[in-house]
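Note sheet for the following structure.
The values are calculated or read from the model by the stated rules, or taken from the named source; none is laboratory data. In this text, all values refer to a predicted model and were calculated from it rather than measured experimentally. In this analysis, Cβ positions are derived from the backbone assuming ideal geometry, glycine residues included, and neighbour counts consider all displayed protein chains. Areas reflect the complete protein model, heavy atoms only, side chains present, ligands, DNA and RNA absent. Shrake-Rupley method; radii C 1.70, N 1.55, O 1.52, S 1.80 Å.
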Amino acid sequence: MTKHGRMANDDPGYDDILDEIATAASLEALEEVRVRVLGRRGTLTLAMRALGALAPESRRRTGAELNARKDRITAALAAASARLGRAALAERLAVERADATLPVPFAEEGRIHPISQTIDEIVAIFGEMGFALAEGPHIEEDFYNFTALNIPPEHPARQEHDTFYLPERPDGTRLALRTHTSPVQIRTMLTQEPPIRIIVPGRTFRCDHDATHSPMFHQVEGLVIDRTSHMGHLKGCLVEFCRAFFGLDDLPVRFRPSYFPFTEPSAEVDIGCSRKGGELKIGAGGDWLEILGSGMVHPQVLKNCGIDPAEYQGFAFGMGIERIAMLKYGIPDLRTFYESDLRWLRHFGFLPLDIPSLVRGPLVGGAAA
């Protein structure tokens with residue numbers, strides 16, 4: 001700045017500052033320049049503070065020059081900071097680069113979630129009985145989720161307090177998140193000629209959440225359609241499944257009359273248990289525990305799918321996967337299945353090679369060590 005209060009246009013210090021910023025080799029060096037020029041005691045800061053002592057005309061002219069230089073210096077600092085930041089990041093990435101395909105020596109081996117393990121066990125057992133795996137969409141039409149299953153319009157399951165509905169479509173209808181895996185049975189019967197023998201595991205959704213209910217949970221259902229299947233076949237199939245799944249050859253199993261819109265007759269299935277000392281133990285013990293529902297496929301459901309009930313009949317069953325996993329592996333709270341707690345997974349999870357198979361026998365007694 002001259003003695004008249006102006007900063008000369010050819011001030012060499014200004015150009016030197018811009019050159020110093022442009023050639024700064026590190027963020028630390030750049031910060032040193034910023035503090036020296038724009039800090040509380042910086043040269044440009046002190047020059048701007050001195051404006052008050054100048055004459056009005058000189059103050060206006062010199063202030064404009066100082067602000068223009070401050071803007072250029074600030075822009076140069078920002079550009080240099082971005083450049084040095086990119087260079088520092090590239091250098092760091094080059095040093096810290098890791099091959100993601102290599103094993104991680106310090107990490108514990110992964111665990112299979114109990115839900116995945118239970119699904120694999122169920123599929124393995126019914127697979128040995130000749131059931132084929134079937135799947136379907138999570139978002140369903142009303143026809144597949146309710147109407148074709150003989151569920152009347154006034155049924156509570158159709159209400160919004162029980163079912164998640166999507167926004168209304170132009171024609172006034174609404175899609176829903178499926179409330180059970182039964183729509184896959186309907187889709188299969190509509191597209192496949194009998195005989196049919198399928199097992200259907202998958203996610204389902206209902207408006208409920210507490211220690212024993214979740215808004216998203218898993219079910220598995222089975223369906224058999226042919227000319228000769230009867231209630232005795234249903235009973236034999238489920239008795240063998242329960243005993244194989246829980247690993248108890250003498251597990252008591254009983255069938256109680258019940259009601260479901262899509263089966264007739266219908267039955268709840270109970271397994272034997274003991275509650276002595278406040279501890280639940282699966283097996284013979286004088287007490288009973290309900291685990292699934294079943295029945296002969298309702299003739300109207302067969303008609304809805306284009307199958308002649310005078311020629312074909314069959315049975316269906318369904319159960320909650322979380323429920324039977326909790327019973328088998330002693331998991332006390334349903335909500336812990338979805339909390340993503342690695343400590344919980346290390347305790348209840350399974351080793352990747354613990355693949356269920358009836359050849360080696362189903363896993364029993366609890367999570368793998």
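Structure notes:
- Checking Met216 against (1) in contact (Cβ under 8 Å) with a residue 40 or more places away in the chain; (2) crowded, with 20+ Cβ neighbours inside 10 Å; (3) aliphatic (A, V, I, L, M), the condition it does not meet: (2)
- In segment 305-329, the residues that are more than 34 Å from the chain's Cα centre (by Cα) and either touching a residue at least 12 places away in the same chain (Cβ under 8 Å) or under 19 Å from Gly236 (Cβ atoms) (or both): Gly306, Ile307, Glu311, Tyr312, Gln313, Gly314
- Failed item in (1) touching a residue at least 60 places away in the same chain (Cβ under 8 Å); (2) surrounded by fewer than 17 Cβ atoms within 10 Å (Cβ to Cβ), with Ile115 passing the rest: (2)
- Residue tally, condition over 26 Å from the mean Cα position of the chain (by Cα), closer than 25 Å to Tyr165 by Cβ and not β-branched (Val, Ile, Thr), over segment 125-150: 4
- Boolean, Phe164 is open to solvent by 40 Å² or more (accessible area, probe 1.4 Å) and of a type outside the set (D, E, K, R): yes
- Residue within segment 26-35 that is more than 30 Å from Ile355 (Cβ to Cβ), in contact with a Lys or Arg (Cβ under 6 Å, 6 or more places away or on another chain) and surrounded by 10 or more Cβ atoms within 10 Å (Cβ to Cβ) present: no
- Scanning segment 225-241 for residues that are in a helix (DSSP H, G or I) and open to solvent by less than 40 Å² (accessible area, probe 1.4 Å) yields Leu234, Gly236, Cys237, Leu238, Val239, Phe241.
- Residue that is nearest to Gly127 (Cα to Cα) [pool: residues in segment 244-258 that are at pLDDT below 95 and open to solvent by 70 Å² or more (accessible area, probe 1.4 Å)]: Asp249
- For segment 164-180, a residue qualifies if it is farther than 22 Å from Phe317 by Cβ and of a type outside the set (Phe, Trp, Tyr), and the qualifying residues are Leu166, Pro167, Glu168, Arg169, Pro170, Asp171, Gly172, Thr173, Arg174, Leu175, Ala176, Leu177.
- The condition of being within 24 Å of Ile331 (Cβ to Cβ), within 34 Å of the chain's Cα centre (by Cα) and at pLDDT 95 or above holds for Glu268.
- Single match in Thr179, Thr188, Thr173, Thr163 (criterion: out of contact with any helix residue (DSSP H, G or I) (no Cβ under 9 Å at 6 or more places or on another chain) and polar (S, T, N, Q)): Thr188
- Here segment 311-364 is the region considered, the condition is being among the small types (Gly, Ala, Ser) and either modelled with pLDDT of 90 or more or touching a Lys or Arg at 6+ places or on another chain (Cβ under 6 Å) (or both), and the residue that is farthest from Pro201 (Cα to Cα) is Gly330.
- Qualifying residue in segment 164-179 (condition: more than 30 Å from Thr228 (Cα to Cα), more than 26 Å from the chain's Cα centre (by Cα) and not in a loop (DSSP other than H, G, I, E, B)): no
- Note on segment 272-364: enclosed helices (runs of 4 or more DSSP H) holding 2 or more residues that are farther than 30 Å from Asp226 by Cα and open to solvent by 30 Å² or more (accessible area, probe 1.4 Å) are 321-329, 342-348.
- Any hit, segment 135-149, residues being surrounded by fewer than 16 Cβ atoms within 10 Å (Cβ to Cβ) and farther than 30 Å from Leu177 by Cβ: no
- Taken together, Pro201, Pro194, Pro183 contain a single residue that is part of a helix (DSSP H, G or I) and either in contact (Cβ under 8 Å) with a residue 40 or more places away in the chain or in contact with a Ser or Thr (Cβ under 6 Å, 6 or more places away or on another chain) (or both), which is Pro183.
- Within segment 243-256, the residues that satisfy the criterion of being over 32 Å from the mean Cα position of the chain (by Cα) and either closer than 20 Å to His155 by Cβ or of a type in the set (A, V, I, L, M) (or both) are Leu248, Leu251, Val253.
- Residue within segment 89-112 that is at pLDDT 90 or above and part of a helix (DSSP H, G or I) present: no
- Yes/no for His180 being in contact with a strand residue (DSSP E or B) (Cβ under 9 Å, 6 or more places away or on another chain) and under 19 Å from Phe262 (Cβ atoms): yes
- Residue match in segment 69-86 (condition: part of a loop (DSSP other than H, G, I, E, B), out of contact with any strand residue (DSSP E or B) (no Cβ under 8 Å at 6 or more places or on another chain) and either at negative phi or not hydroxyl-bearing (Ser, Thr, Tyr) (or both)): no
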